[in-house]
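Please read the structure below before turning to the comments.
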Amino acid sequence: VYSEADCDALHVSLDDEARCIGPAPAAESYLDIDVIMDAALKSGAEAVHPGYGFLAENPVFAEAVADAGLVFIGPPAEALRAMGSKITAKAMMERAGVPVVPGYHGEGQDLEVLAREADRIGYPVLLKASAGGGGRGMRVVEAAPALGEALEGARRESKAAFGDDQLLIEKYLDCPRHVEIQVFADAHGNAVHLFDRDCSIQRRHQKVIEEAPAPGLPEGLRDAMAGAALAATRAIDYQGAGTVEFMVDGKDFYFLEMNTRLQVEHPVTEMVVGADLVSWQLSVAAGAPLPCTQEDIHCAGHAIEARLCAEDPGRDFLPAAGRLSCFRLPRLTAYAGAARVDTGFHEGDEISVHYDSLIAKIVVWAETRKAAVQRLCGVLEEVQIAGVSTNLEFLRTVAAHPAFAGGDIDTGFIDRHRESLMPSAGRASDRVLALASLAVMVDRTRQGRETAGRSSDPYSPWHGTQGWRLNGDSRHILTFGDGADEVTITLRYRGATYVLELPGGIVNAGAWIDGAGDLVADIDGVRVKAGVARNGNDLTIMDRGTARTLTLIDPAALADQRETPSGSLTAPMPGRIVAVEVEAGTHVHAGATLMVLEAMKMEHAVAAPMDGTVVAVHYAVGDQVDEGAELVAFEGT
């Protein structure tokens, strides 16, 4: 099935049959049970696989599938309902003897009750959506004065995502590890675990890098968690694939939640145990017993998955949208099964604001964790992507970080190492500037040849781009915009190569395009291969897992540019307005929330930059806005 926004999506082109189920908003397509069931029945399907999405854990959907006489490829509705509420789940886990984080899981939801419970637990506390997952409806509250606003935001986000605004409170654990156990059960009373995964590298409570097995766990703790996970599985008569998630704090572990579906990170488990978990799902749903016993399952080697997402790490991981002008993946045949890429996109696709920001999962395996980390670094360097901001360089930096290589990981890893992990805001390197300049000259040479080919005099020197001049020095001067800065490069033609005058000095270089479309350059005797994507005057240089966009300055185009009106606050990302906290004439203090945008499973508060007065509000709740749209006119005091 696909929404109107996904009519050209990769999965649609690969399907034998695909059915459109509605417009772009997920609530009107991918989360609409009636239209999905209608498509399933009209197609003649015997079963429905719910994927990774929210319907995978929705008991109403599971019941609708069963009522229609189809098979739901997942656990029974009763198990979904038991684990769907974190409040109910924690109570069941306590009865089953599974350790849980101290907190409040009661029915009372007014501010007075929750404030009293937060005081009892002790700040900092963590607000969580009872029906939620994936970081939605989650807020860390450091002190009592911030509780009211955090409750409002968590409830709003939870209601929008899950149709339920009930919250629970937990003691906030300072930088624990996030470790989960993959479990599988059938309808014949058999249940197994497939070892553990570490998912501690997170931003905004959402996973970025996962690995199996979890590094550095004492065997006693590992075995205890596996036993607790199986106890949780049996306590709810579970069937199918599931994941029991724990927070590990020193030598202690606590039940976090049970994901009653296949996890996004399941490939790392598949690679270390040599099993196809989707095949297992289909088999168990068809009524077959599990294909093996616990004694038959062994963990071999180490696997790591990195989530390539459309987001800007330098702007606090704000989601990004746009067209993939370049999307080239590693040559997997070179890794003989030790690397895989799962993706739903190909070059030219649009990254929409309507769905999750995940573009691809880059997964590697090796016999040791050290070798797996090294392989991940190498595979990430082969990815070329342009047209939309991504976390590719960030992932590469994490993988190459000494602390990550040493297994010193927990949920505070990114915040603790933020300064060394964030992409540099400095000027483009001489290497990037040289590659960009050579790319321009190679393109101009190609254009010259095409023009000559169409000319009545193809041998005229006026078609040449090699620097020939009737009088004067043979040179090209290129000016690039590099963020807020401009840099000028002079190229002097010398036979078949150029002399480039770069900010850091002079180099001799030549370049050409190879059969794969990559730019190949010789720079002072060093052979360099890089990807180049051009969009108008913007050139994105993709080199060793990094992407840097420079703008070739066109003086004529500069005359048409306009600055954002002074005194305005603009949208930092495309999205939908979910809250407007002010109106024209409102006086606010610096930091006060003016509007809240939602895009790609994330909310972003637009705050007052200083004390001042709101002059005008240009959008209302529910409006869709583009990046850069003026949201509020603001006058400082």
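Ranked by accessible surface with a 1.4 Å probe, highest first, in what order do 604, 188 come? Don't jump to the answer; show the numbers that get you there.
Details: 604 50, 188 110 Å².
Ranking 604, 188 by accessible area, largest first, yields 188, 604.
Gap in Å between the Cα centre of the range 213-246 and the Cα centre of the range 76-103? About 14 Å separates the Cα centre of the range 76-103 from the one of the range 213-246. For the range 365-383, backbone nitrogen atoms closer than 19 Å to the point 7 Å from residue 299 Cα along Cα-to-C-beta are found at 365-374.
Any idea what the dipole of the chain comes to, in debye rounded to 20, about its Cα centre with Lys/Arg Cβ at +1 and Asp/Glu Cβ at -1? Mind dumping the intermediate values first?
On the way: 55 positive and 92 negative charges, 382 e Å.
The dipole of the chain has a size of about 1840 debye.
Mark the label point 7 Å from the Cα of residue 223 along Cα→Cβ and return the residues of the range 245-272 whose backbone N is within less than 14 Å of it. Hits in the range 245-272 for residue 223 at 14 Å: none. Per residue of the chain, the DSSP helices (runs of n ≥ 4 H) give a summed -39500 (n - 2.57) that works out to -7500 deg cm²/dmol at 222 nm. From the alpha carbon centroid of the range 115-144 to that of the range 260-308 is 33 Å.
List the relative contact order of the chain as a percent without decimals, with contacts defined as Cα pairs under 8 Å and 6+ residues apart.
It rounds to 9 percent for the chain.
Stretching the chain fully between residue 152 and residue 249 yields a gain of 32.0 nm (0.36 nm per residue, less the alpha carbon separation).
A probe of 1.4 angstrom, applied to the heavy atoms of all protein chains, finds residue 350 with accessible area near 110 square angstrom.
Heavy atoms only, 1.4 Å probe, whole protein assembly: order 72, 345 by accessible area, highest first. Don't jump to the answer; show the numbers that get you there.
On the way: 72 25, 345 50 Å².
Ranked from most to least accessible, the order is 345, 72.
Remark: spin-label model distance residue 350-residue 590 equals 4.0 nm, labels positioned 7 Å along the Cα→Cβ axis. Think of the chain as a dipole: +1 on every Lys or Arg Cβ, -1 on every Asp or Glu Cβ, centred on the Cα centre; then among 517, 362, 284, 517 lies furthest on the positive end. Note on residue 188 and residue 204: the extension gain reaches 1.8 nm, defined as 0.36 nm multiplied by sequence separation minus the Cα-Cα distance. Listed by chain and number, the lysines placed with their C-alpha closer than 19 angstrom to that of residue 529 amount to none; residues fewer than eight positions away on the same chain are left out. On a per residue basis, the range 39-180 carries 42 Å² of accessible surface, using protein heavy atoms and a 1.4 Å probe.
Please list 275-286, 369-380, 15-26 highest first by mean number of surrounding beta-carbon atoms within 10 Å per residue.
Details: 275-286: 16.9, 369-380: 20.5, 15-26: 14.9.
Ranked from most to least packed, the peptides come out as 369-380, 275-286, 15-26.
Rank-order 486-496, 58-68 by packing density, defined as the average count of other C-beta atoms within 10 Å over each peptide's residues, highest first. Provide the component values of the computation, followed by the final result.
Details: 486-496: 15.1, 58-68: 18.4.
Highest-to-lowest ranking by the protection proxy: 58-68, 486-496.
Summing Cβ point charges (Lys, Arg +1; Asp, Glu -1) relative to the Cα centre of the range 47-101 gives a dipole of roughly 220 debye. A Förster radius of 60 Å, combined with the Cβ-Cβ distance separating residue 333 from residue 144, puts the computed FRET efficiency at roughly 0.55.
Modelled this way, with points 7 Å down the Cα-to-C-beta line, the labels at residue 450 and residue 534 are 0.8 nm from one another. Measuring nothing but how far apart in sequence close Cα pairs (under 8 Å, 6+ apart) lie, relative to its length, the range 159-208 scores a relative contact order of 27 percent.
Ranked by the mean number of other Cβ atoms within 10 Å of their residues, highest first, the peptides 76-87, 575-586 come out as 76-87, 575-586. Treating r as the C-beta distance of residue 615 and residue 418 and R0 as 25 Å, the FRET efficiency rounds to 0.10.
Counting only protein chain heavy atoms and rolling a 1.4 Å probe, the accessible areas of 299, 309 rank, largest first, as 299, 309.
Here the gap between residue 342 and residue 94, fully extended at 0.36 nm per residue and compared with their Cα-Cα distance, gives a gain of 85.6 nm.
For the range 394-442 versus the range 51-71, the inter-centroid distance based on Cα atoms is 42 Å. Estimated at the nearest 10 Å², the accessible area of residue 615 is 80 Å² with a 1.4 Å probe.
Relative contact order for the range 237-364: 21 percent, from Cα pairs under 8 Å spaced at least 6 residues apart, divided by residue count.
Pairs from the list 86/370; 90/251; 128/370; 86/207; 86/361; 86/251 with a Cα-Cα gap above 30 Å: 86/370; 128/370. For the pair residue 278 and residue 405, label points projected 7 Å from Cα toward Cβ lie 3.5 nm apart.
The values are calculated or read from the model by the stated rules, or taken from the named source; none is laboratory data. If you're wondering where the values come from, they're calculated on a predicted model, not measured in any experiment. All Cβ positions, even for glycine, are placed from backbone atoms using ideal geometry, and neighbour counts span all protein chains on display. The area values use the complete protein model at the heavy-atom level, side chains included, leaving out ligands, DNA and RNA. Shrake-Rupley method; radii C 1.70, N 1.55, O 1.52, S 1.80 Å.
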